[in-house]
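The values are calculated or read from the model by the stated rules, or taken from the named source; none is laboratory data. Every value quoted in this text rests on a predicted model; they were computed, and no experiment measured them. Please note: Cβ atoms are built from the backbone with ideal geometry, for glycine as well, and neighbour counts cover all protein chains shown. Heavy atoms of the whole protein, side chains included, go into the accessibility calculation; ligands, DNA and RNA do not. Shrake-Rupley method; radii C 1.70, N 1.55, O 1.52, S 1.80 Å.
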Amino acid sequence: MIKIVYFEDEESIAALAEKKLQKAGYKVLLRVNGVNGFEFVKEEQPDLILLDIMMPVVDGFSVLAAIKEDEETASIPIIILSALGDKSDVIKGIELGADDYLLKPFHPKTMLQRVEQALRSAGKLV
């Protein structure tokens, strides 16, 4: 089963996305902040990461940078799901190594399509 780690502090968004992903057959591990995020990803070795940027304590950009700097986790595809829509935020996310950037609010079907595209690109889904 394909495993997705999802960093999201907004309960309503997390619940909606988690339900859609589980219905599509994915195992979802939800984290509500970025504290120990890198360590969690290293331990779980997910097939994909969904990452909010504006999280309490440790933001998504910091988690993204740590994941992409480590040889063991650098190849894990990451999709940013964020309300930060300024060009500079999108550019920063992509420059730090995100594979995609989806603005909130997003349609759950669009999110699922982006997840499937990222998994296909990584060779995790046929």
task: Any residue in region 94-116 that's under 22 Å from Lys27 (Cβ atoms): show its pairings with residues that are of a type in the set (Lys, Arg) at Cβ separation under 8 Å, as long as the two are six or more apart or on different chains.
output: Asp100/Arg114; Leu102/Arg114; Pro108/Lys20; Lys109/Lys20; Met111/Lys20; Leu112/Lys20
message: Can you pull out every residue in region 83-126 that is within 20 Å of Pro46 (Cα to Cα), touching a strand residue (DSSP E or B) at 6+ places or on another chain (Cβ under 9 Å) and assigned to a loop (DSSP other than H, G, I, E, B)?
response: Gly97, Ala98, Asp99, Ala122, Lys124
message: So, Ile4, is that one β-branched (Val, Ile, Thr), closer than 23 Å to Gly123 by Cβ and part of a strand (DSSP E or B) or not?
response: yes
- prompt: How many residues are free of Cβ contacts under 8 Å to residues at least 12 places away in the same chain and of a type in the set (Ser, Thr, Tyr) if we restrict to region 37-73?
  reply: 0
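Yes/no per residue for (1) open to solvent by 60 Å² or more (accessible area, probe 1.4 Å); (2) over 17 Å from Gln22 (Cβ atoms):
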site	(1), (2)
Ser82	no, yes
Asp89	no, yes
Lys104	no, yes
Lys109	yes, no
Gln113	yes, no
Glu116	no, no
message: Tell me the residue from Val58, Val5, Val32, Val63 that is open to solvent by 50 Å² or more (accessible area, probe 1.4 Å) and β-branched (Val, Ile, Thr), please.
response: Val32
- prompt: Among the residues of region 56-78, is there at least one that is in a loop (DSSP other than H, G, I, E, B), acidic (Asp, Glu) and closer than 20 Å to Asp9 by Cα?
  reply: yes
- prompt: Out of curiosity, is Ala15 surrounded by fewer than 17 Cβ atoms within 10 Å (Cβ to Cβ) and in contact with a helix residue (DSSP H, G or I) (Cβ under 7 Å, 6 or more places away or on another chain)?
  reply: no
